[in-house]
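The values are calculated or read from the model by the stated rules, or taken from the named source; none is laboratory data. Because the structure is a prediction, the values reported are computed rather than measured. Here the Cβ positions follow ideal geometry from the backbone for every residue, glycine too, while neighbour counts run over all protein chains shown. Heads up: the accessible areas ignore ligands, DNA and RNA and are worked out on the full protein's heavy atoms, side chains in. Shrake-Rupley method; radii C 1.70, N 1.55, O 1.52, S 1.80 Å.
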Amino acid sequence: MAQAGNTGPGAGAPESAVAGRAPWRWALALLWLATAAGVPSRRQWPVPYRRFSFRPEPDPYCQAQYTFCPTGSPIPVMKGDDVIEVFRLQAPVWEFKYGDLLGHLKIMHDAIGFRSTLTGKNYTMEWYELFQLGNCTFPHLRPEMNAPFWCNQGAACFFEGIDDNHWRENGTLVQVATISG
């Protein structure tokens, strides 16, 4: 009969039987660790950052329905005595197609607007996906590939003008900062 207070594993068993189980478990754990450490991994984590001096060629599978940044312009040189007003621009994604439906789900498109007080010109900078939102948001399952495939290249588009009516009527146009020379 087990002694009072001794209710752990092996209670009532001879002490040598309980002690015999522990080394076996430790040996199994050490064997597993040694095996796992010796297996070469096919993946490196974290994946090292890789810089490109060019935009990688897109896969021919990825096709844009609309031209990327059709009215793009170079970023103008600002003068030292200019004061630049910075605006937050935000509207629901695809509001041209679905109205404010995606805005209720807080799925928004953001941009930054700039206004030069010296010249009075406005500029907009937006980040766009090169192959439209659906292509970069959802992966494609291609029979010839083992993993999901993404068409998710993007780039900044800078162009002259701010569509004040669009941003005010469909979302947000708010001055958030002023930059001086």
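Of note:
- Whole-Å semi-axes of segment 26-176's equivalent ellipsoid (Cα gyration tensor): 43, 21, 18
- Cα coordinate range in segment 64-123, projected on the principal axes (Å, largest first): 43, 26, 13
- For Thr124, Thr117, Thr67, the ranking by accessible surface with the largest value first comes to Thr67, Thr117, Thr124, using a 1.4 Å probe.
- Derived scalar couplings between HN and Hα for segment 54-67 equal 8, 7, x, 4, x, 5, x, 5, 7, 10, 8, 8, 10, 5 Hz in order, rounded to whole Hz, by the Karplus curve 6.51 cos²θ - 1.76 cosθ + 1.60 (θ = phi - 60°), x for Gly and Pro.
- Built amide H within the under 5 Å cut-off of Met108, gap 5+: Val93
- Solvent-free Debye scattering, log10 I(q)/I(0), computed from the Cα coordinates of segment 108-181 at q = 0.17, 0.20, 0.27 Å⁻¹: -0.77, -0.93, -1.26
- Entry comment: accessible area of segment 57-118 is 70 Å² per residue, from protein heavy atoms only and a probe of 1.4 Å.
- 15 Å beta-carbon shell around Thr178, net charge (K/R +1, D/E -1): -1
- At full extension, Tyr66 and Tyr49 could sit 3.1 nm farther apart than now, given 0.36 nm per residue minus the alpha carbon distance.
- Rounded to the nearest 10 Å², the accessible area of Phe68 at probe 1.4 Å: 70
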